[in-house]
Amino acid sequence: MKHILITVFCISILFSCNTSKEVTTPKPQVNTATSSPLKTTYWQQHVDYKMEIDMDVETYKYKGNQELVYTNNSPDVLNKVFYHLYFNAFQPGSEMDVRSRTIADPDPRVGDRISKLKPNEIGYINVTSLKQNGTTLKHDTVGTILEVELAKPIQPGEQVTFNMVFDAQVPLQIRRSGRNSKEGVALSMTQWYPKLAEYDFEGWHADPYIGREFHGVWGNFDVKLTIDKDYVVGGSGYLQNPNTIGHGYETGIVVRPIKSRTNKLTWHFKAPNVHDFTWAADPNYIHDTKQVPNGPLLHFFYKNTLSADKKENWKKLQPKTVDLMHYFSKHIGPYPYKQYSVIQGGDGGMEYAMCTLITGERTFGSLVGVTAHELAHSWFQFLLATNESKHEWMDEGFTSYISDLAMNEIMKQGKKNPAERAYQGYYYLAKSGNEQPFTTHADRYHLNQAYGISAYNKGEVFIAQLAYVIGQENLKKAIKKYFNDFAFKHPRPIDFIRSAEKVSGLELDWYLIDFAQTTNTIDYAVASINNKEITIERIGLMPMPIDLKVTYIDGSKEYFYIPLQIMRGEKPTKATIIKDWAWAYPTYTFITKKTVKRVEIDPKNLMADINKTNNKK
């Protein structure tokens, strides 16, 4: 799904349930930006949601009451707040609709479909009442954003309660969310509720929903969902009343619900210390469970209407998901929740808190692959919660990297470089003339293809190539330190680089600047060989340290390492370390002890050099 000509490797996610036992909130890290005991200035907002939802599965309309307790941990006085109303994107004339119809390479899942929605097929969230500590507030719906005028400013350290009444309609499934997906899933409920926008040191992030990813406030969710009694529900959080519901969450066996005086049942979920809440529902879900040893209970929801071979794929997926959970917990950090759900729904695959939504009519390899990617997002986005609109490559690229490593091991793929396809995708983009720097907002790319290759492929190369710069073992340690320092926070690119610097002892700001903030490329060449004298040339603007393989006329070989001066040090290496190369000098010459026959730059092919033809002579 990540070949060179991909547009966007997209992923939609959902949620599941566990037990009626007391919920244990995962313990967040201390509210600092480093592991240092010294006081820092890092802060983040906090929100607690209580929602009661009544869903009508005949009309696809639902009513909601929301109590939101918001804690202003910032040093700023807040004079206004904003909510996301994502479902409003699925209306003719919305920004998502117009952008899809005017971009040169629209996502085929969207195309012009939104423009053709009928009134009973559109999505909307209509806020009918909003109060701040009991005082009615003025508010204005502007596309997918609710602009709110506060009755009183929110002071630093103050906690306020917002009470909201809203009604909504689930759109036809077009992108991530919606009803009646292509595979027949009734309800894929992602980004379905009025969601308070994030406020951080950069201010408000009230971005309209045009097509890309998300950013949310850390907090706790308490959700009561009333729905037709024949529907099976899965999603974020822990089910509090499995015995009342009677759908077999304890045993993994779907049973008929207990008798009810109405045709509906109320499902009660709690999701502690997350920044979103998602659910899916269908009357024909099969629900399986699989316990991860010393880990969470896994839930699997998939349609009983799948063909026999596709159902078998879902059965075979379950032990592989256990292996994947172990792999990520070992190589990044321990998964902190007691459940995770893999749910058929949506339009591809998309990560959400404690769950994922994926399409289910797949080959076994594809089913494992998309699950690996989405499960990895539980770390790179749902624990290390980057702002995806600004730093989408940090979650998509890092996720692609670690999931490729996991697939290579668990599926025994035998690849020498599991990130090789990502390198190829990046080379294509870098030479296409369509590349934009990582600093581009996710919605501002000229082409969907440029976004997809940049976020997934170049983002993966960013972290894979760092192993070339600082050493593979240092990269492994840096990933774990990054997790330990920034889980349950909103890390930025510099935070990851600082973790890598602290592990390696090297200066790495140049790497972040050139590869992430510009479109500078790497191109080194063997300029000349003259007896024992070798001259290397830097053609591209981006600097790199150089691994060099020299074959002598007598057939012997020697490996050299040319440190980059601005790194202020060297990676661990068994190669012969020679003098530093200062970036501004376009050439570098050194003398060997024996006559040289052949020279090769980067013999392991780990540097993202866009022109490999001049790397050997």
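The values are calculated or read from the model by the stated rules, or taken from the named source; none is laboratory data. Computed from a predicted model, the values in this text were never measured in an experiment. When we count neighbours, we look across all protein chains shown, and the Cβ atoms used for this are built from the backbone with ideal geometry, even at glycine. Each accessible area value is taken on the protein alone, full model and side chains, heavy atoms only, with ligands, DNA and RNA left out. Shrake-Rupley method; radii C 1.70, N 1.55, O 1.52, S 1.80 Å.
The figures follow:
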quantity: Inter-site label distance for Asp554 and Phe201 at 7 Å from Cα along Cβ, in nm; calculated: 5.7 nm
quantity: Spacing of the two label points (7 Å from each Cα toward its C-beta) at Lys224 and Thr613, in nm; calculated: 7.0 nm
quantity: DSSP bridge orientation in the range 251-400 - percent antiparallel, rounded to nearest 5; calculated: 50 percent
quantity: 5 angstrom amide H check on Thr226, placed H, neighbours 5+ away; calculated: Ile53, Asp54, Met55, Trp267
quantity: Label zone at Glu533 (point 7 Å along Cα-to-Cβ), backbone N below 11 Å, the range 564-601; calculated: 589-591
quantity: Cross-link pairs beyond the 20 Å C-alpha cut-off, checked among Lys61/Lys264; Lys476/Lys571; Lys480/Lys571; Lys118/Lys303; calculated: Lys118/Lys303
quantity: Estimated 222 nm signal from helices in the chain, with DSSP H stretches of n ≥ 4 weighted -39500 (n - 2.57), rounded to 500; calculated: -7000 deg cm²/dmol
quantity: Whole-Å semi-axes of the ellipsoid equivalent to the range 152-233 (Cα gyration tensor, √5λ, descending); calculated: 30, 18, 11
quantity: Percent of Cα-Cα distances greater than 13 Å, calculated over the range 424-476; calculated: 58 percent
quantity: Arg113 accessible area, assembled protein chains, probe 1.4 Å, Å²; calculated: 100 Å²
quantity: Proximal aspartates and glutamates relative to Lys574, as straight alpha-carbon distance under 18 Å, when same-chain residues fewer than 8 apart are discounted; calculated: Glu473, Asp547, Glu558, Glu600, Asp602
quantity: Sparsely packed GluC sites (Glu not before Pro) within the range 174-245, loop by DSSP, other Cβ within 10 Å at most 13; calculated: Glu202
quantity: Separation of alpha-carbon centers, the range 101-178 and the range 487-552, rounded to whole Å; calculated: 44 Å
quantity: Positive-end extreme of charge dipole, the chain - chosen from Gly471, Val342, Pro242 (charges on Cβ); calculated: Gly471
quantity: With every protein chain in place, the range 392-442: carbon and sulfur % of accessible area (1.4 Å); calculated: 47 percent
quantity: Pairwise centroid distance, computed over Cα atoms, of the range 318-361 with the range 223-240, Å; calculated: 19 Å
quantity: Average Cα contact separation per residue, the chain, under 8 Å, 6 or more apart, as relative contact order %; calculated: 15 percent
quantity: Rounded accessible area per residue of the chain, 1.4 Å, Å²; calculated: 39 Å²
quantity: Modelled label reach - Lys604, point 7 Å along Cα→Cβ, the range 569-590 residues with backbone N closer than 14 Å; calculated: 571-576
quantity: Electrostatic dipole magnitude of the range 273-399 [Cβ: Lys, Arg +1; Asp, Glu -1; Cα centre; debye, to 20]; calculated: 500 debye
